[in-house]
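The values are calculated or read from the model by the stated rules, or taken from the named source; none is laboratory data. Not measured: the values here are computed from a predicted model. Neighbour counts run over all protein chains shown; Cβ positions are idealised from the backbone, glycine included.
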Amino acid sequence: MADACTQGVDTGFVALGFGKVAVLGVVQGISELLPISSTAHMRIVPAFLGWPDPGSAFSAAMQMAALAAVISYFWSDIRGFAVGSLRAVKARDFEDWNFRFVVWIGLATIPIAIAGLVLSGLLNKCGSPLRSLPVIGISCIVMSALLAVAEIRARHQRTLDHVNLLDAMIVGCAQVGALIPGISRSGSTLTAALFLGMKREEAARFSFLLGLPAIALAGLKEFYELWKAHLDAQGWAVLSFGLVIASISAFVAIWSLMHILEKFSAWPFVIYRGLMGVLLLAGFAAGWLA
């Protein structure tokens, strides 16, 4: 593991090279925005292929690919909130819903920002115990069960314009769970939004919009950590290539998720996550996965 560390930052992705990072970029881009845990896939796919763990730095930096995809897909929403908020500030109309929604998103980001700073040393260090296969496998099974309960109990009635500050804070607190590998940011926030009675596609929309600041902060922080660790030119080139591939994959993932939730339900993700968690635990116990 030592040769995959750069001043304490896990940079295993550099040794993988462009070809393998392209494959993992596709996997990361798809799994980052679907409620199936990108961290779990970043551990299980390389393990099955016999590749080294790309490291937590790769997963965190790939947040910028997710950010680009979310902004592209929800551009009309984002532009509407931004223009509406600026207009409200200019008119001193602080009761404007656009302004309030943007403020709520900012407040809802505070819990994960604080938790991320507190746990950063543990999350990013080389060989972090939180990236162990048992932890990820258990997290997948727990989230599968919670998403199943949410799908059963949800009323699927509320839309985004029914959201209030309490809703935003509940989903924001649920987002903190994403710091534990295997939980999934989109999975935890989607599950919380469903528990609040939102329609499936509206819950996903809320999840993505609320997650924008957290995604941006996580990605920028990791870029700073890599820069501070003096990642070399080869490392930046490999990372940049992975980002381009992941951005395209992430956009496709959002489109797929919105259509699945609109036409079907969250059950495919419940089943997939549960099976993946069992597979990880079984593979680890049997020695198939190191």
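Scanning segment 244-259 for residues that are over 22 Å from Val21 (Cβ atoms) and within 18 Å of the chain's Cα centre (by Cα) gives Trp255, Ser256, Leu257, Met258.
Identify, from the list Ala60, Ala115, Ala145, Ala66, the residue that is at pLDDT 95 or above, under 19 Å from the mean Cα position of the chain (by Cα) and closer than 25 Å to Arg205 by Cβ. Working first, answer last.
Numbers: Ala60 fails: at pLDDT 95 or above; Ala115 fails: at pLDDT 95 or above; Ala66 fails: at pLDDT 95 or above.
Sole residue among the options that is at pLDDT 95 or above, under 19 Å from the mean Cα position of the chain (by Cα) and closer than 25 Å to Arg205 by Cβ: Ala145.
In segment 151-168, is there at least one residue being small (Gly, Ala, Ser), within 18 Å of the chain's Cα centre (by Cα) and under 22 Å from Ser31 (Cα atoms)? Explain how you work it out, then say what you get.
First, the residues of segment 151-168 that are small (Gly, Ala, Ser): 154, 168.
So of that shortlist, the ones also within 18 Å of the chain's Cα centre (by Cα) come out as 168.
With under 22 Å from Ser31 (Cα atoms) added as a condition, the list becomes none.
No: zero hits.
Just checking, does segment 152-163 include any residue being among the basic types (Lys, Arg) and assigned to a helix (DSSP H, G or I)? Within segment 152-163, one or more residues are among the basic types (Lys, Arg) and assigned to a helix (DSSP H, G or I). Number of residues in segment 151-175 that are surrounded by fewer than 21 Cβ atoms within 10 Å (Cβ to Cβ) and among the hydrophobic types (A, V, I, L, M, F, W, C): the value is 7.
Pick out, from segment 10-98, the helices (runs of 4 or more DSSP H) lying fully within it that include 3 or more residues that are more than 28 Å from Ile141 (Cβ to Cβ). Please lay out each step first, then the result.
On the way: elements: 13-33, 38-49, 56-61, 63-73, 75-91.
Counting at least 3 such residues, we get 13-33, 63-73, 75-91.
In segment 258-270, how many are under 12 Å from Pro35 (Cα atoms), part of a helix (DSSP H, G or I) and touching a residue at least 40 places away in the same chain (Cβ under 8 Å)? Final tally of qualifying residues: 5.
The condition of being without any contact (Cβ under 8 Å) to a residue 60 or more places away in the chain, of a type outside the set (Val, Ile, Thr), surrounded by 13 or more Cβ atoms within 10 Å (Cβ to Cβ) and over 30 Å from His162 (Cα atoms) holds for only one of Leu146, Leu130, Leu122, that being Leu130.
If you go through segment 147-170 and keep only what is hydrophobic (A, V, I, L, M, F, W, C) and over 22 Å from Trp255 (Cβ atoms), you end up with Ala148, Val149, Ala150, Ile152, Ala154, Val163, Leu165, Leu166, Ala168, Met169, Ile170. Here the condition is being surrounded by fewer than 18 Cβ atoms within 10 Å (Cβ to Cβ), more than 18 Å from Ser37 (Cα to Cα) and of a type in the set (A, V, I, L, M); of Leu231, Leu226, Leu220, Leu275, it holds for Leu220 alone.
Condition check: at pLDDT 90 or above, within 18 Å of the chain's Cα centre (by Cα) and in a helix (DSSP H, G or I). Does Phe241 satisfy that? Full working, then the answer.
Numbers: at pLDDT 90 or above: yes; within 18 Å of the chain's Cα centre (by Cα): no; in a helix (DSSP H, G or I): yes.
So Phe241 does not fit the description; no.
Looking at segment 179-197 only, could you name the residues that are under 21 Å from Leu261 (Cα atoms), part of a helix (DSSP H, G or I) and either in contact with a His (Cβ under 6 Å, 6 or more places away or on another chain) or hydrophobic (A, V, I, L, M, F, W, C) (or both)? Within segment 179-197, Leu190, Ala192, Ala193, Leu194, Phe195 qualify. Within segment 51-107, if we keep just the residues that are closer than 30 Å to Gly242 by Cα and of a type in the set (Asp, Glu), the residue that is surrounded by the fewest Cβ atoms within 10 Å (Cβ to Cβ) turns out to be Asp77. Whenever a residue of segment 19-48 is more than 17 Å from Ile260 (Cβ to Cβ) and at pLDDT below 85, its partners that are surrounded by fewer than 24 Cβ atoms within 10 Å (Cβ to Cβ) and acidic (Asp, Glu), lying with C-beta atoms within less than 7 angstrom and at least six residues away or across chains, give the pairs Arg43/Asp53. Restricting to segment 272-287, and then to whatever is hydrophobic (A, V, I, L, M, F, W, C) and free of Cβ contacts under 8 Å to residues at least 12 places away in the same chain, can you tell me which residue is farthest from Leu190 (Cα to Cα)? In this case the residue turns out to be Ala286. Here the condition is being in contact with a Pro (Cβ under 7 Å, 6 or more places away or on another chain) and basic (Lys, Arg); of Arg158, Arg153, Arg185, Arg131, it holds for Arg131 alone.
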